[in-house]
Amino acid sequence: RWKQLQSFLVSWAKNRTKKRGEPAEDTNLLKSIDFESNELVEKIWKVAKPVESLDSTEFKAILKHFKLPIRDGPNPEDFALHEVRVLDGTEHRLGVPSNNDVDTIKQQKASYQLLFPVRYPGREEIIGLKKIHLCKETKTILEENIPSSGFDPSKRSGEDELSRILPFPYGLDAAAKMKASSVVIVASVLDALLLRTPKNRSTAVISLAEDS
């Protein structure tokens, strides 16, 4: 279902921007889409904790981990507006190794992941997640789409490439709800978090769908 929708959107976008004289892309017929929550998405979402439910010490640890300013940075209400949840790698890290020795536990410390829910306009179901995490090797913040975390580069194919991309940008549902006449396009959901706050609810911010 993800693949057929992505294929349809890609063909539709190319046909809208094609130059005069260029052949039109074959647009695949879009069959009915099942918007029920993906099992993987639902499983991850249920074990994650709302950021606003953390105590002050845990909240500051999250800000520090993701290199967000503590004094003038986002507050719990900002995270609540975006419905952000957090996974603590010491308990619920995806793909946790089976052995729980001391070295493994040490490696898992402070492996937080922030999860932003992605919804299709007009629907309440969460159809995907934007996952923010810190790469231990490069010390950089990475952004990924779920479903896509299980993508295996060694088995890459055209089909896999389509299925690993989340077709909908983050924030599109909120922009549709407020009937925004203009939007701010950003590259990361962290930018959306900083720009659209409880004090700036009328600001429509959309984060692109691509992985970082």
Considering only the stretch 109-146, state which residues are of a type in the set (D, E, K, R) and surrounded by 17 or more Cβ atoms within 10 Å (Cβ to Cβ). 119, 130, 131, 143, 144
Since residue 90 meets every condition but one in (1) open to solvent by 40 Å² or more (accessible area, probe 1.4 Å); (2) of a type in the set (S, T, N, Q); (3) modelled with pLDDT of 55 or more; (4) in a loop (DSSP other than H, G, I, E, B), which condition does it not meet? (4)
Take residue 190 and tell me if it is among the aliphatic types (A, V, I, L, M), modelled with pLDDT of 90 or more and assigned to a helix (DSSP H, G or I). yes
Selection within the stretch 185-208 - surrounded by 15 or more Cβ atoms within 10 Å (Cβ to Cβ) and basic (Lys, Arg): 196
What pairs come up if the first residue lies in the stretch 183-199 and is closer than 12 Å to residue 171 by Cβ and in contact (Cβ under 8 Å) with a residue 24 or more places away in the chain, the second is open to solvent by less than 20 Å² (accessible area, probe 1.4 Å) and among the acidic types (Asp, Glu), and their beta carbons are under 7 Å apart, counting only those six or more places apart or on different chains? 188/143; 189/143; 193/78
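Is it the case that the stretch 26-45 has a residue that's at pLDDT 65 or above and over 23 Å from residue 124 (Cβ atoms)? Break it down stepwise before answering.
Residues of the stretch 26-45 at pLDDT 65 or above: 26, 38-45.
If we keep only those that are over 23 Å from residue 124 (Cβ atoms) as well, we get 26.
Yes, because at least one residue in the stretch 26-45 is at pLDDT 65 or above and over 23 Å from residue 124 (Cβ atoms).
Could you list, in sequence order, all residues of the stretch 54-74 that are open to solvent by less than 70 Å² (accessible area, probe 1.4 Å), closer than 21 Å to residue 129 by Cβ and in a helix (DSSP H, G or I)?
Just the residues of the stretch 54-74 that are open to solvent by less than 70 Å² (accessible area, probe 1.4 Å), to begin with: 54, 59, 61-63, 65-66, 68-69, 73-74.
So of that shortlist, the ones also closer than 21 Å to residue 129 by Cβ come out as 54, 59, 62-63, 65-66, 68, 74.
Hits for the stretch 54-74 are 59, 62, 63, 65.
The values are calculated or read from the model by the stated rules, or taken from the named source; none is laboratory data. Here the structure is a predicted model, which means the values were calculated and not measured. Here Cβ is always computed from backbone atoms with ideal geometry, including for glycine, and neighbour counts include all displayed protein chains. Note: areas computed on protein heavy atoms with side chains; ligands, DNA, RNA excluded. Shrake-Rupley method; radii C 1.70, N 1.55, O 1.52, S 1.80 Å.
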